Amino acid sequence: MSDASLRIGIVGACGRMGQEVVRTFSNAPGFELVLAVDRSNVGIHLREIGGEKAPDLLIRDKLGAALDDTPLDVLVDFTHPSAAAGHALSALRRKVSPIIGTTGLSNENIRELTLACQEEETAGMYVPNFAIGAVLMMKFCEIAAQWLPDAEIVEMHHDQKEDAPSGTAIRTAEVIGEARSSRVSPKPRTILKVEGARGGLVSDTPIHSVRLKGLLAHQLVIFGGQGEVLSIRHDSMDRQSFMQGVKLCASHVRSMSGFVVGMDKVLFA
Ligand code: NAD
């Protein structure tokens, strides 16, 4: 390891995303994976879940104790919305920058973490989507909404995803709402034959959530204008699609300030 390497920890190391993070940072110049935490597989060697190149570490369970005896720069979290904010607070209290990839954080969580970043003078990030193409999709939606205010979002994810709609879909609807220069068209009254058929409304944009085996993470945003339709679609085909973004955020978070939501500040600085 060179002196300049960033010391990375991962909580949720044994999950689908965590395993990909372990593989990524086991093999990435400029980073050293020094801590792996999960509530499952405690005590087993990281190589059993992260492959041959994984560092010589055992999976640990108590995050606070692990942070106390392992100096870290960045803690990446892919766990569960009920735990992620607590993990990030534990990191911040020790001047470690959290990068939360777990989706479904509440506004209250974000307020609490914003305050903790100020108190500790340590930056942190919450990134609901690490795919570069997904961030670009939202940027393109921002441009489209200035001219085409009427949009609907169809987000599609694997059947194990717990939260709905996805954090990306909610954020896209908010971006569209903030970017509109005119109001959405008045809608005729709909006779709903099935509850939820028109999706859930965020910032005047209906979001429809699909959960199916075979899918990973996909989103289609449809803008309707007079006699024209614009479709903007992004597909994550495998979990590697998120790793370039995770590495970019890990490289940049220590030079940012406060609690940053999304990757825009990293990609469009
Ligand atoms: P998963 O269920 O496969 O993995 C979660 C892991 O976290 C498990 O190994 C579990 O044992 C561990 N865990 C849960 N609670 C814990 C706790 N309190 N302490 C320690 N370990 C704990 O889930 P996944 O598919 O890897 O997804 C994890 C999260 O990442 C989800 O919220 C998902 O929506 C999100 N996600 C985000 C992105 C992104 O780009 N930001 C991409 C994909 C998934």
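What follows draws every value from the coordinates through simple rules; no lab data is involved. Note that the structure is predicted; figures quoted are calculated from it, not measured. Here the Cβ positions follow ideal geometry from the backbone for every residue, glycine too, while neighbour counts run over all protein chains shown.
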Notebook entry, point to check: So what's the net charge close to residue 159: Lys and Arg +1, Asp and Glu -1, counting the other residues with Cβ under 10 Å from its Cβ?
Noted result: +3
Next item on the list: Order these peptides, 182-194, 55-67, by their mean beta-carbon neighbour count within 10 angstrom, highest first.
Entry: 55-67, 182-194
Check: Tell me, what is the percent relative contact order of the chain, built from C-alpha pairs under 8 Å that lie six or more residues apart?
Finding: 18
Notebook entry, point to check: Taking the alpha-carbon centroid of each part, what is the distance from the stretch 1-52 to the stretch 123-147 in angstrom?
Noted result: 27
Check: Simple spin-label model, 7 Å along Cα-to-Cβ: residue 114 to residue 16 in nm?
Finding: 3.1
Item checked: Gyration tensor (alpha-carbon) shape descriptor, the chain, a/c threshold 1.5 -> prolate
Check: Which percent of the Cα-Cα distances in the stretch 1-111 go past 20 Å?
Finding: 34
Next item on the list: Report the antiparallel proportion of the DSSP beta bridges in the chain as a percent, rounded to a multiple of 5.
Entry: 45
Notebook entry, point to check: Which loop GluC sites (Glu not before Pro) in the stretch 115-163, with loop taken from DSSP, have no more than 16 other Cβ atoms within 10 angstrom of their Cβ?
Noted result: 121, 162
Next item on the list: Rank-order 110-117, 86-93 by packing density, defined as the average count of other C-beta atoms within 10 Å over each peptide's residues, highest first.
Entry: 86-93, 110-117
Item checked: Under 23 Å from residue 53, Cα to Cα: lysines that are on another chain or at least 8 residues apart -> 247
Item checked: Descending semi-axes in whole angstrom, ellipsoid equivalent of the stretch 132-237, from the Cα gyration tensor -> 22, 18, 11
